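I have placed the structure first, in the form of structure tokens, so that the comments after it can refer back to it.
The values are calculated or read from the model by the stated rules, or taken from the named source; none is laboratory data. All values reported here derive from a predicted model rather than from experimental measurement. Counting neighbours? That spans all protein chains shown, and the Cβs are built from the backbone with ideal geometry, glycine included.
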2 protein chains.
Amino acid sequence: MTPRFLPCALLALPPTALAAGSDVVGENLLWLAIILMAARLFAPLANRVGFPAVLGELLLGVLLGNLALLGLNYFESVRADPIIAFIAELGVIVLLLQIGLETRLKDLVAVGGQAFLVGCVGIAAPFLLGAFLVGPLLLPGKETNTYLFLGATLAATSVGITGRVFRDLGKLSTPAARIVLGAAVIDDVLGLVILAVVSSLVQAGSVSLGEVAGIVAKAVIFLGGSIWLGRLIAPHSSRWLARVDASHSMLFAQVLATGLALAWLAHAIGLAPIIGAFAAGLLFEPLFLKDFERPAIVREIEPLLPDDHGHLAARLRPILLRHAGHQHEHMIEPIGYFFVPVFFVLTGMQVDLRTLADPALVAVALGMTAAAIVGKLVVGLFARQAGGWIVGWGMVPRGEVGLIFAMVGKQLGVISENLFSIIVIMVILTTLVTPPVLTWLLKRQKD
Amino acid sequence: MTPRFLPCALLALPPTALAAGSDVVGENLLWLAIILMAARLFAPLANRVGFPAVLGELLLGVLLGNLALLGLNYFESVRADPIIAFIAELGVIVLLLQIGLETRLKDLVAVGGQAFLVGCVGIAAPFLLGAFLVGPLLLPGKETNTYLFLGATLAATSVGITGRVFRDLGKLSTPAARIVLGAAVIDDVLGLVILAVVSSLVQAGSVSLGEVAGIVAKAVIFLGGSIWLGRLIAPHSSRWLARVDASHSMLFAQVLATGLALAWLAHAIGLAPIIGAFAAGLLFEPLFLKDFERPAIVREIEPLLPDDHGHLAARLRPILLRHAGHQHEHMIEPIGYFFVPVFFVLTGMQVDLRTLADPALVAVALGMTAAAIVGKLVVGLFARQAGGWIVGWGMVPRGEVGLIFAMVGKQLGVISENLFSIIVIMVILTTLVTPPVLTWLLKRQKD
């Protein structure tokens, strides 16, 4: 349990360094075990008091990351460990791949009009509010890039958290939920475009309208192009791969390898890897994957169903069909259980609780949270007949995307340690406050 | 695609280094995508010509690792990348966890007698042959530790490969298969004890009978103790965890976190991490995990089955029960699809094909392979009524364990680059030669 003082020694280790007694790599096994198990224990505790699991993981991270304040330094080395950091990266990539897989492209197209409007307003209002009003007001004297980044972190609704809140409340099929989910996806995509624009601005140093247009064009071409090309190729590659080997492992490898490869490609052309992972998720339709072997339980039950349309058999068939169609999502899930919490726990670990000792910073965090909420509630005006406030509050939770923006900003040097802590506090507060308010609004609507 | 010249820069990167444009971590995404996909393509090709998938993965590694001979240097940096190495480590740990989960402790106890005898002879004969006869004969002038390690790499049958060969031939339920599988597990455990003894001898420099007894005792106490204690605790911890959250993610986290934690513990007390992972796998019985939620498809179908004992319902119930009982194994599988090939591909990449240009080394490799085969065929004498030759040939394939031994020896400095290549060639040849011979023997037996 000795902390690592010479992390560079890690690189001198040959593969399977573990077996030879390297404590550096060996400790990572224990960290992963602790993060995996503790995240699973914190998530249901958060659920039990009405909060989404992701909040439990973030709070666990805040706890582990600040144990040093109590004199426990064991987790200090995790924070900067490159292997744990890479596993966290895989975590966000897998999460966005999952969100992409669970989103049907045609649903995105179908909600069209209103969701697009809500999505655009929902991203523009908090971005403008954060970058040009609240940022300069609460934190005077910073550079323009910092304000732009701040606006960007306020912009993106978390598809995962939003969807989960509605699902937990059993309201996924209401019109408000559909608009919110559609808008949240559009919102996510636009948010990623904003991230690409703002990041490039920071890296290039200056900004011209032509450059902005260039970045937007790159993001749109990458997203549109990879989805369009991918959907042209995927049915054929799936058929060919299934002919080579129709097993689940091949199906799994095709989906995950596409996610990793597009994440790499997005990264290579200067976009966020998660954009690539999300695009990869949108590529695959259950129909494309029909040539692969169905799950073992389906293959065993199917031949038992009589050919005639018996009552039981008729009710079982759609269940079998549905599970067979979604097996690629089911197979990615355990990968997510393993990798995704590492990202959220590691993110929580970046919060420095000593920030809270400074009343000025706490005031800024509360001001930012208010801006984050007001910026999203504005969209309620554009979705009145679907229950304006419900749609507005449905857009309030921030999550993975906002946190990713904050991380990128931190790396680019425009988001300071303090500002990062403020943003994580904002994400936690928006996520904390939404479920009780939404529950109250949805119950009042029913009465 | 630039090779990494300053790997230490990696450590300076904060988490989510990717998004900010670090090519080092970004490239790992592409490598993983390539390894994942290529391994899936090579495995069925190997299967198609009658070889187990693991051979395809090894050969893929040999190919990728020697592309530099053709002037393609892209994969050179993968070989020494610490992140890929850690993922490979996780690969063997997950593999041994899976093998442990698929092995029923009572089956190990039940095959008892004959399997134990076959296992002991099957480990002793090739070890003695390799360490004291073939080693000194073919490679004169090396230190004693090198011969001991060489003997150890010849000793352990691959449970995975052996089981797979019998399964691929549809002969898993024959008496010969049962003995071979039981013996291979005992063989694996004894092999790991030999590894612990030999490694400690190399590290301590000298050897006393007391020390050997101490190492054997440590291994036996760790294996026995962790399994005994674990099986006392697991039913209670499972019940408690299922009460906190009965979801699949909790079940998955309990099993995987136990595997990682015991791998760490084994490593911390100086044993191979895989011993811990195997012990963790043996801990969990489906019965212990009965309080967790059943798979979604089972939960949907069950309420549809009529209460009376209808014909179809009666046939469906056992299928549902079986799948519910094995869901923890099914959930670990995708993790294996992702991690395990990285280990085998990376292992194959350590083979230097230039070794083959030296006729003396090729002769040694062939001699070693002959010793590896003869050493195992000896066990046939102890299992005559179950079909002696079939049992003997069933024990011939070497695999993950032998390769792990070779890796450890390479790190300890007693296995040279050349010798490592020889061992990998031996592993590949024993695996190549077994399926055709076994097929022929099994067909002859039927006639």
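Residues in the range B:264-277 that are facing chain A (nearest Cβ under 8 Å) and out of contact with any Asp or Glu (no Cβ under 9 Å at 6 or more places or on another chain): B:270, B:272. Restricting attention to the range A:359-411 and to residues that are charged (D, E, K, R) and at pLDDT below 85, the residue that is nearest to residue A:275 (Cα to Cα) turns out to be A:400.
For the condition at the interface with chain A (Cβ under 9 Å from one of its Cβ atoms) and surrounded by 21 or more Cβ atoms within 10 Å (Cβ to Cβ), what is the one hit in B:64, B:29, B:95, B:45?
Values: B:64 fails: at the interface with chain A (Cβ under 9 Å from one of its Cβ atoms); B:95 fails: at the interface with chain A (Cβ under 9 Å from one of its Cβ atoms); B:45 fails: surrounded by 21 or more Cβ atoms within 10 Å (Cβ to Cβ).
Just a single option satisfies the conditions, and that option is B:29.
Checking the structure you have, find out if any residue of the range A:282-291 is touching a Ser or Thr at 6+ places or on another chain (Cβ under 7 Å) and modelled with pLDDT of 80 or more.
Pass one, the range A:282-291, residues touching a Ser or Thr at 6+ places or on another chain (Cβ under 7 Å): A:282-283, A:288-289, A:291.
Those left that are additionally modelled with pLDDT of 80 or more: A:282-283.
Yes - at least one qualifying residue is present in the range A:282-291.
Would a scan of the range B:219-233 turn up a residue that is in a helix (DSSP H, G or I), surrounded by 22 or more Cβ atoms within 10 Å (Cβ to Cβ) and modelled with pLDDT under 85? There is at least one residue in the range B:219-233 that is in a helix (DSSP H, G or I), surrounded by 22 or more Cβ atoms within 10 Å (Cβ to Cβ) and modelled with pLDDT under 85.
Could you please let me know if residue B:256 is within 8 Å of another protein chain (Cβ to nearest Cβ), of a type in the set (A, V, I, L, M, F, W, C) and within 19 Å of residue B:101 (Cα to Cα)? Please lay out each step first, then the result.
Details: within 8 Å of another protein chain (Cβ to nearest Cβ): yes; of a type in the set (A, V, I, L, M, F, W, C): yes; within 19 Å of residue B:101 (Cα to Cα): yes.
So residue B:256 fits the description; yes.
State yes or no: is residue A:216 away from chain B (no Cβ under 14 Å), over 30 Å from residue A:321 (Cα atoms), over 20 Å from the mean Cα position of the chain (by Cα) and of a type in the set (Val, Ile, Thr)? Break it down into steps so the answer makes sense when it comes.
Working: away from chain B (no Cβ under 14 Å): yes; over 30 Å from residue A:321 (Cα atoms): yes; over 20 Å from the mean Cα position of the chain (by Cα): yes; of a type in the set (Val, Ile, Thr): yes.
In short, yes.
One residue alone among A:154, A:138 is buried (at least 18 other Cβ atoms within 10 Å of the Cβ), at pLDDT 80 or above and farther than 21 Å from residue A:391 by Cα, and that residue is A:138. Only residues that are among the hydrophobic types (A, V, I, L, M, F, W, C) and surrounded by fewer than 23 Cβ atoms within 10 Å (Cβ to Cβ) were counted in the range B:258-277, giving 4. Counting only helices (runs of 4 or more DSSP H) wholly contained in the range B:286-391, the ones carrying 1 or more residues that are away from every other protein chain (no Cβ under 14 Å) and within 24 Å of the chain's Cα centre (by Cα) occupy B:359-377.
Residues are listed down the side, and each one gets a yes or a no for (1) closer than 24 Å to residue B:121 by Cβ; (2) under 19 Å from the mean Cα position of the chain (by Cα); (3) of a type in the set (Gly, Ala, Ser); (4) within 13 Å of another protein chain (Cβ to nearest Cβ):
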| residue | (1), (2), (3), (4) |
| --- | --- |
| B:409 | yes, yes, yes, yes |
| B:412 | no, no, no, yes |
| B:422 | no, no, no, no |
| B:431 | yes, yes, no, no |
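Given the structure, is residue B:355 crowded, with 22+ Cβ neighbours inside 10 Å and of a type outside the set (A, V, I, L, M, F, W, C)?
Details: crowded, with 22+ Cβ neighbours inside 10 Å: no; of a type outside the set (A, V, I, L, M, F, W, C): yes.
Considered against the rule, which asks whether it is crowded, with 22+ Cβ neighbours inside 10 Å and of a type outside the set (A, V, I, L, M, F, W, C), residue B:355 comes out as no.
A Cβ distance below 7 Å, combined with a sequence gap of six or more or placement on separate chains, defines the contacts here; from the range B:396-411, residues that are more than 14 Å from residue B:95 (Cβ to Cβ) reach residues that are modelled with pLDDT of 75 or more and charged (D, E, K, R) in the pairs B:396/B:376.
Picking from residues in the range B:396-447 that are hydroxyl-bearing (Ser, Thr, Tyr) and assigned to a helix (DSSP H, G or I), the one that is farthest from residue B:139 (Cα to Cα) is B:439. Considering the range A:235-246, and only residues there that are more than 8 Å from every other protein chain (Cβ to nearest Cβ) and surrounded by fewer than 21 Cβ atoms within 10 Å (Cβ to Cβ), the residue that is modelled with the lowest pLDDT turns out to be A:246.
Of the candidates A:152, A:115, the single residue that is within 14 Å of another protein chain (Cβ to nearest Cβ) and within 23 Å of the chain's Cα centre (by Cα) is A:152. If you go through the range B:120-135 and keep only what is among the small types (Gly, Ala, Ser) and at pLDDT 85 or above, you end up with B:122, B:124, B:125, B:130, B:131.
Quick one: count up the residues across the range A:54-86 that are in contact with a Phe, Trp or Tyr (Cβ under 8 Å, 6 or more places away or on another chain) and within 19 Å of residue A:402 (Cα to Cα). Matching residues across the range A:54-86 total 7. For the list (1) out of contact with any Leu (no Cβ under 7 Å at 6 or more places or on another chain); (2) at pLDDT 80 or above; (3) of a type in the set (S, T, N, Q); (4) over 27 Å from residue A:259 (Cβ atoms), I need the number of the one condition that residue A:47 fails. Result: residue A:47 fails condition (2) only.
Would you pick out the residues in the range B:240-280 that are in a loop (DSSP other than H, G, I, E, B) and without any contact (Cβ under 8 Å) to a residue 60 or more places away in the chain?
Taking the range B:240-280 and keeping what is in a loop (DSSP other than H, G, I, E, B), we get B:245-247, B:269-272.
Listed by number, the residues that qualify are B:245, B:246, B:247, B:269.
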